[in-house]
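Worksheet: one structure, shown below.
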Amino acid sequence: MNLDKFNKLLSLIANLGVLVGVFLVAYELQQNRIAIQAQTRSDISSQAVDSALRTTENLPLIEAQLKAQAGDELTPVEERIVAMRNVALFRRWENTHYQIRQGLYSPEEAEGQLEAWDRLVDSPHTAQWWKQNRSDFSRNFAELIDSLID
């Protein structure tokens, strides 16, 4: 009889150990998610800062962007410069949008991103470029940008 009680006690202790282990794994997963969110945010911020700094060093890009925003006609070279800038910009946005959908970007930050994108796609030149190139991007992202342009 004592052996039976001892086995039940061992079984209870083992089950409690498994339960504690499950809670520890859940806690570790939550901590890992927080770390991934922080890293994602840092990476996206670094990309934005790097892009902004590179733009300040690129006078032809700045001039072409200003002409495009003013609605002036662009030379073929300027058109290509702005198009390549748009490819880089929209790819970065698409990545950010993916991170938002995966829950790796806070709702407050996502809201700020959407407001910034809404302002930036307001240019007729950018909207025209988007309409010509939207099929190069994921469907979810394309639908979001379409809603901002419309």
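The values are calculated or read from the model by the stated rules, or taken from the named source; none is laboratory data. Since the model is a prediction, treat every value here as computed from it, not as a measurement. Cβ: placed from backbone, ideal geometry, glycine included. Neighbour counts: every protein chain shown.
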In segment 102-129, residues that are modelled with pLDDT of 90 or more and within 20 Å of Arg33 (Cβ to Cβ) total 0
Any residue in segment 129-144 that's under 25 Å from Glu79 (Cβ atoms): show its pairings with residues that are surrounded by 12 or more Cβ atoms within 10 Å (Cβ to Cβ) and basic (Lys, Arg) at Cβ separation under 6 Å, as long as the two are six or more apart or on different chains.
Ala142/Arg134
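Would you call Glu79 among the charged types (D, E, K, R) and more than 24 Å from Leu148 (Cβ to Cβ)? Please lay out each step first, then the result.
Details: among the charged types (D, E, K, R): yes; more than 24 Å from Leu148 (Cβ to Cβ): no.
Criteria not met by Glu79.
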Evaluate segment 88-109: report whether one residue or more is without any contact (Cβ under 8 Å) to a residue 12 or more places away in the chain and of a type in the set (Ser, Thr, Tyr).
no
